[in-house]
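Comments concern the structure below.
The values are calculated or read from the model by the stated rules, or taken from the named source; none is laboratory data. Because the structure is a prediction, the values reported are computed rather than measured. No Cβ is skipped: glycine too gets one built from the backbone with ideal geometry, and neighbour counts run over all protein chains shown. Areas reflect the complete protein model, heavy atoms only, side chains present, ligands, DNA and RNA absent. Shrake-Rupley method; radii C 1.70, N 1.55, O 1.52, S 1.80 Å.
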Amino acid sequence: MDESGGSGQPRSGTDESTERRPDRMAPATDPARPDPAPSDTANADSGPENSTQGSADTDGAGDTGNRSADRPEVQDTTAPEVPQSTSTPSEPGTEERPAASGAHSPEGAHEPRRPHPDAPTPHDHQATPHLDRTLAHSGTTKGRPPQRPKDPRGGLLMGRPFGVPVYVAPSWFLVAALITWVFGGQLDRVLPELGAARYLVSLFFAVVFYASVLVHELAHTVAALRFKLPVRRIQLQFFGGVSEIEKEAETPGREFVLAFVGPLLSLVLAGAFYGAMQFVEPGTVPGVLLAGLMISNLIVAAFNLLPGLPLDGGRMLRAVVWKITGRPMSGTVAAAWIGRALAVSVLVGLPWLTQSGALGSDAVDNVGMDTVMDALLAAILAAIIWTGAGNSLRMARLREHLPELRARNLTRRAVPVETDTPLSEALRRANAAGARALVVVDADGNPLSLVREAAIVGVPEHRRPWVPVSGVAQDLTDGMRVSAELSGEELLDALRAAPATEYLVVEETGEIYGVLSAADVERAFVKAMARPN
């Protein structure tokens with residue numbers, strides 16, 4: 001992914017100089033740095049299907065379905081004296097605390113720490129805004145790392161073959177009803193003696209046909225697991241099935257095999273149904289069912305071998321171009337644009353073929369479509385292919401820019417404060433230091449918790465002098481400590497493993513580097529989706 005979008009510097013380190021006064025802090029450097037883009041609406045392949053999921057095999061028609069720029073070191077010069085904050089009348093029974101700056105509360109009597117030399121610069125191009133003002137204007141942040149799309153809430157979990165959940169989307173029932181009606185009309189002409197029972201036979205055909213689609217998807221799943229690629233789920237839905245593979249194949253050869261096994265299994269099933277036809281009487285219910293299943297699996301295999309994304313043939317073409325050029329993105333672009341051309345061809349050509357009789361004089365009657373139905377089905381298929389091709393381009397772009405998403409570049413500078421420090425005093429110190437985050441530490445400087453942005457917003461300004469920072473902080477857990485060296489998918493995985501609004505970023509030595517806001521990561525994630533190829 002792309003982003004810098006970094007915001008802020010880590011908290012300052014210990015300065016042993018005796019020339020610096022406790023109420024002075026080094027000025028924050030503020031070189032120009034790109035802002036994160038506003039949160040554009042991103043298609044999930046997305047989210048991030050999203051997330052950022054690696055790839056999704058969509059079968060159709062029966063199965064149609066860093067920035068390492070040099071950072072200026074903070075100069076160890078004496079800053080102009082920071083004016084003390086305006087005093088606030090004390091509440092009865094409370095003692096007014098003197099305002100002071102530095103790394104810890106006045107009681108801690110610690111000197112301010114020198115910022116880390118590799119610290120990221122403040123997020124804003126202008127002078128660093130006050131932390132409390134920034135939060136007050138922004139309101140409560142989303143504060144969630146980019147998430148992969150969740151399992152469909154309306155889908156039915158049918159099982160977990162090979163440990164992969166299989167869902168049936170609600171749209172499948174619409175297609176099953178359509179298949180039952182259409183195939184029932186065919187049975188009425190072939191086996192009129194069945195009467196109303198023909199719809200039960202047609203429903204059985206629809207179920208077995210989608211079982212064939214499931215076998216097609218399981219072929220992709222088994223191949224992916226064989227190549228150690230995690231598969232998040234299989235979903236049977238309108239016009240086919242989808243195998244959601246979370247990572248990209250490492251080589252073009254594996255990508256080709258991963259795509260080809262699906263149509264291959266459909267061809268094997270077609271052959272199996274043809275073999276079974278040899279043992280039944282033609283013109284009977286078993287004979288008609290086996291013939292229909294053989295033909296439908298042939299159609300599934302042929303359609304998915306078309307050389308355009310998101311079909312399996314498009315992924316095979318992508319693997320070939322990847323092998324020739326050495327760049328997976330080149331293969332994705334070529335296969336995606338051919339997929340869009342296929343979408344236009346289906347939109348225009350399918351109604352013309354059926355109505356012109358090019359598919360046979362009985363083709364229109366057998367599938368029970370008039371001109372309007374032809375156009376509707378063609379439009380649906382074209383939309384699925386066109387959308388899938390576009391999603392493939394976006395996901396490829398995301399994978400290409402994902403390594404650029406670095407925790408070090410996105411980390412905000414943080415100021416350490418002790419647990420009993422009033423919130424107003426902590427915010428004053430952060431503003432004076434040009435920081436945008438607060439870390440609650442013990443007397444020895446060990447981090448205990450992180451002050452939550454949303455909690456600061458919820459405290460009225462007149463109450464802040466009497467609210468300790470510990471009251472608006474979230475205790476640190478192991479999952480809330482992330483390495484400053486994390487980047488790309490490793491960073492996203494670390495944030496997903498322990499959902500939170502803020503994370504403590506530490507160096508390999510354990511030294512505090514700063515605070516990473518999940519909202520900053522989300523903005524960088526969305527911006528990567530919008531970047532041009």
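Quick notes on this structure:
- By accessible area, using a 1.4 Å probe on protein heavy atoms only, region 205-323 has 73% of its surface on carbon and sulfur.
- Ordered from highest to lowest accessible area with the whole protein assembly present and a 1.4 Å probe, Thr421, Thr477 read as Thr477, Thr421.
- The string of couplings for region 387-396 from the Karplus curve (6.51, -1.76, 1.60, θ = phi - 60°) is 5, x, 5, x, 5, 4, 5, 5, 5, 5 Hz, one whole number per residue in order, with x for Gly and Pro.
- What you get for region 368-438, charging only the Cβ of Lys and Arg (+1) and of Asp and Glu (-1), is a dipole of about 580 debye around the Cα centre.
- Which of Val175, Leu191, Val222, positive extreme of dipole for region 153-230 (C-beta unit charges): Val222
- Sorted largest first by accessible area at a 1.4 angstrom probe radius, with every protein chain in place, the residues Val451, Val222 fall in the order Val222, Val451.
- Between the amide H of Ser449 and those of Val440, Leu476, distances stay under 5 Å, these residues lying 5 or more places away or on another chain, with hydrogens modeled in the peptide plane.
- Exposure of Lys323 as accessible area (Å², to 10), given a probe of 1.4 Å and all protein chains: 150 Å²
- Rounded if a/c under 1.5, otherwise prolate or oblate - region 487-530, Cα gyration tensor axes: prolate
- Each of Ile324 and Tyr274 was given a label point 7 Å from its Cα along the Cα-to-Cβ line. The distance between the two points is 3.1 nm.
- Net lengthening on full extension, Val207/Leu156 (0.36 nm per residue, minus Cα-Cα): 16.9 nm
- Charge dipole magnitude, Cβ of K and R +1, D and E -1 - region 406-519, Cα centre, debye nearest 20: 580 debye
- Unit Cα scatterers, Debye sum, region 163-304: log10 I(q)/I(0) for q = 0.10, 0.12 Å⁻¹: -0.39, -0.54
- Its residue count N sets the reference 2.2 N^0.38 Å, and the alpha-carbon radius of gyration of region 414-479 equals 1.01 times that reference.
- Accessible surface calculations at 1.4 Å, restricted to protein heavy atoms, place region 271-319 at 41 Å² per residue.
- Spacing of the two label points (7 Å from each Cα toward its C-beta) at Met373 and Ser356, in nm: 2.2 nm
- Positive dipole terminus of region 446-489, leading residue within Gly458, Gln474, Leu486 (C-beta point charges): Gly458
- Distances between placed amide hydrogens fall under 5 Å for Gly241 paired with Asp59, Thr64, Gly65, all partners being 5 or more residues away or on another chain.
- Sequence of Tyr274, Tyr210 from largest to smallest accessible area, 1.4 Å probe: Tyr274, Tyr210
- For the pair Val190 and Val222, a Förster radius of 35 Å applied to the C-beta separation gives a FRET efficiency near 0.45, rounded to the nearest 0.05.
- Rolling a 1.4 Å probe across all protein chains gives Val333 an accessible area of roughly 50 Å².
- Over all pairs of different C-alpha atoms in region 197-274, the reciprocal of the mean inverse distance, the Kirkwood hydrodynamic radius, equals 13.6 Å.
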